[in-house]
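Here is the structure we will look at.
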Amino acid sequence: MRTRAGRSKLFISGTAVLLGCAVVASVLAWHAESGSAAPTRSVRAITVAPQTKKHTVVFGISDPGLINERAKVQAAQLAKMRSIGINSIRLDANWDWVQFGGPQSFDWTQLDQEIHAARAAKMSVDLVIDGCPPWAAPTGTSKDSAPQPASASQFATWAADVASRYAPLGVNDFEIWNEPNDTKFWQPKPSTAFYTTMLKDSFQAIRKVDKSAFIIAGGLAPVAGSGGSITAISFLRGMYQDGARPYFNAVALHPYSFPALPGTFESWSAWSQMSQTSPSIRSVMTQFKDSGKPIWITEFGAPSNGPSGVGAAGEAAELKAAIALSKSTRWIAALYVYTWQDTGTNARSDADWFGLINSKGQVKAAYKVVAKALGK
């Protein structure tokens, strides 16, 4: 018999592996698609644009593994995050975890504990509303690792359930899905039309229970347009063409750029593709008269080890550059580091090495750089 806690552990572990593999695969795909050679892994200087007026940036941690920790460990980790200037955390409200047993079966235990821990630590929460239990998936996809919902309105009911439960606790930022443009997180294949319908329905359902809710269009993955996946730029354009503009307050992106630094232009770099390429994320937003909305970077980081690892110093340099550029770029409103702790020590797996601390709890160079960059 599969327990709820056991299911969550297995799912999150798989998610972490998928994310790491997806990021590395995307970087390689960008190089292949653009015909450019991979840049060297040397640490390069960045140019930070001058700013005339400060703007507020939310600095957070994207931590899909926190839900598996015991309450005392959660409290200790969150307190440590706060001590280095992190003021927000990105967590999953996965439909499959809470309603795996059927539409009338709710088990909020793990998610409740996690949310209460974050709020007790005085952290704001970017709550990613995602996942789909087998009973709510389209025919033929129930065994997929990340099936899309069969019904946009049914998913919106789940979104409203989440908002109803956690908005009274001060959770008001809701990100609709994680990487809906990537086949690894939206199966059988991404669809801008269906995602836009789901976003619209979820926006309206959440706003009925929380009029002040801030709705974020799900963090777009840095993938090449192949194998069914859709590039972030093309997916965003498709969303606008399908009528998404009134139904979100910010665009979320995952602009991984390693081994290049965020401030180094590379046509394949998702960071460069935010505003420096043609077209870009910002140019699409401008085209559809939506440039007044901000971008939330809800995942960013680099592996310190593994086949595509940039080393401890390289990971630290990536985050230092990203923080500096976020502070100086007016349309960037949030930056969430992926992630808090390394998930393992496998030198053949990039996915194990994205943490600010290692798997034993020891701080890495990236931890010290983030603390300094955030003034702690």
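The values are calculated or read from the model by the stated rules, or taken from the named source; none is laboratory data. Just so it is clear, the model here is predicted, and its values are computed rather than measured. With ideal geometry, Cβ positions are generated from the backbone for all residues, glycine too; neighbour counts draw on all protein chains shown. The area values use the complete protein model at the heavy-atom level, side chains included, leaving out ligands, DNA and RNA. Shrake-Rupley method; radii C 1.70, N 1.55, O 1.52, S 1.80 Å.
Worth pointing out:
- Among the residues listed as SER124, SER88, SER142, the single one being touching a Phe, Trp or Tyr at 6+ places or on another chain (Cβ under 8 Å), closer than 18 Å to PHE214 by Cα and among the polar types (S, T, N, Q): SER88
- Sole residue being in contact (Cβ under 8 Å) with a residue 24 or more places away in the chain, among the hydrophobic types (A, V, I, L, M, F, W, C) and under 22 Å from ASP352 (Cβ atoms), chosen from ALA333, ALA317: ALA317
- The lone criterion from (1) open to solvent by less than 30 Å² (accessible area, probe 1.4 Å); (2) modelled with pLDDT under 95 left unmet by GLY306 is number (2).
- Of the criteria (1) over 21 Å from GLY85 (Cα atoms); (2) not in a strand (DSSP E or B), which one VAL251 fails: (2)
- Here TYR166 fulfils each of the conditions (1) assigned to a helix (DSSP H, G or I); (2) open to solvent by 10 Å² or more (accessible area, probe 1.4 Å) apart from (2).
- The set of residues in the range 71-106 that are surrounded by 14 or more Cβ atoms within 10 Å (Cβ to Cβ) and under 21 Å from GLN154 (Cα atoms) comprises ASP92, ALA93, ASN94, TRP95, ASP96, TRP97, VAL98, GLN99, PHE100.
- All of (1) touching a residue at least 12 places away in the same chain (Cβ under 8 Å); (2) over 24 Å from GLY225 (Cβ atoms); (3) open to solvent by 10 Å² or more (accessible area, probe 1.4 Å) hold for GLU114 with one exception: (3).
Here's the yes/no breakdown for (1) within 14 Å of VAL284 (Cβ to Cβ); (2) touching a Leu at 6+ places or on another chain (Cβ under 7 Å); (3) buried (at least 24 other Cβ atoms within 10 Å of the Cβ); (4) at pLDDT 95 or above:
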| residue | (1), (2), (3), (4) |
| --- | --- |
| SER226 | no, no, no, no |
| ILE230 | yes, no, yes, yes |
| ILE233 | yes, no, no, yes |
| GLY238 | yes, no, no, yes |
| ASP242 | yes, no, no, yes |
| TYR247 | no, yes, no, yes |
| VAL251 | yes, yes, yes, yes |
| HIS254 | no, yes, yes, yes |
| PRO262 | no, yes, yes, yes |
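- Annotation note: of ALA366, ALA347, ALA333, the sole residue that is in a helix (DSSP H, G or I) and either of a type outside the set (Phe, Trp, Tyr) or surrounded by fewer than 23 Cβ atoms within 10 Å (Cβ to Cβ) (or both) is ALA366.
- Selection status of GLY292, in contact with a helix residue (DSSP H, G or I) (Cβ under 9 Å, 6 or more places away or on another chain), part of a loop (DSSP other than H, G, I, E, B), closer than 21 Å to ILE129 by Cα and modelled with pLDDT of 95 or more: no
- Residue within the range 138-155 that is among the aliphatic types (A, V, I, L, M), over 22 Å from TYR195 (Cβ atoms), modelled with pLDDT of 95 or more and crowded, with 17+ Cβ neighbours inside 10 Å present: no
- Residue within the range 298-319 that is out of contact with any Lys or Arg (no Cβ under 9 Å at 6 or more places or on another chain) and assigned to a strand (DSSP E or B) present: yes
- Close pairs (6 angstrom Cβ cut-off, 6 or more residues apart or separate chains): farther than 18 Å from LYS208 by Cβ and at pLDDT below 95 in the range 156-185, hydrophobic (A, V, I, L, M, F, W, C) and open to solvent by 10 Å² or more (accessible area, probe 1.4 Å) anywhere: none
- Within the range 212-224, the set of residues being open to solvent by 20 Å² or more (accessible area, probe 1.4 Å) and part of a strand (DSSP E or B) comprises just one member, PHE214.
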